[in-house]
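First up is the structure itself, then whatever we jot down about it.
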Amino acid sequence: MNADSGAAPRPSSLVEPSPARTPLWRRLATPAGVLAAVAGAFAYVGAVDPNQPGHYPVCPLYALTGLYCPGCGGLRGAHAFVHGDLLGALHDNAAGVAAYLAFAALWTLWTVRAARGLPVRLVLGRTPLWVLGSALLLFTVVRNLPFGGSIRP
């Protein structure tokens, strides 16, 4: 029994190693797994053309109301992005392309910090979340207005 804290000392086998002492392959396993999953999804969308009917389900909002949601055109945009057609991807879903680029930046930051044994914390306050939500709402409204044809899928 430890006289200072009144608790029994913890056996050394129960103490977790610090992140810097964890082997590099273990620190990079999760970012590598996430990258493999995303690359697999992009490979599938690149191989199976969403412009051909019957391969993917129709957007439920579009099917019921005829309105484009922020994700409408996302598969066509991803297909164009995989094939190097950046302008086509931006036309199909500009918000999706922005999300791909944001994912790439955040994944790189995550991987570098994990490799260095540093914790990865993404803490967003209310303001950035409100700005992001407002931007997606504005994108959705504009693409459904008559003058928003250039950002409509």
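The values are calculated or read from the model by the stated rules, or taken from the named source; none is laboratory data. The structure displayed is predicted, hence computed values, not measured ones. Cβ: placed from backbone, ideal geometry, glycine included. Neighbour counts: every protein chain shown. When the accessible area is computed, the model is the full protein with side chains, heavy atoms only, and any ligands, DNA or RNA have been set aside. Shrake-Rupley method; radii C 1.70, N 1.55, O 1.52, S 1.80 Å.
A few remarks follow.
- By accessible area, using a 1.4 Å probe on protein heavy atoms only, the stretch 9-153 has 70% of its surface on carbon and sulfur.
- Here the chain is scanned for trypsin sites (Lys or Arg not before Pro) in DSSP loops (not H, G, I, E, B) that have at most 16 other Cβ atoms within 10 Å, and the longest stretch holding none of them is 22-115.
- Shape call, the stretch 93-153: gyration tensor on alpha carbons, a/c limit 1.5: oblate
- Assuming charge only on the beta carbon of Lys and Arg (+1) and of Asp and Glu (-1), the dipole of the chain about its Cα centre is about 400 debye to the nearest 20.
- GNM flexibility winner over the chain from Leu101, Leu137, Leu129 (Cα, springs under 10 Å): Leu129
- Taking every protein chain into account, the accessible area of the stretch 99-153 amounts to 74 square angstrom per residue (probe 1.4 Å).
- Using a cutoff of 8 angstrom between alpha carbon atoms and counting only pairs six or more residues apart, the relative contact order for the chain works out to 25 percent.
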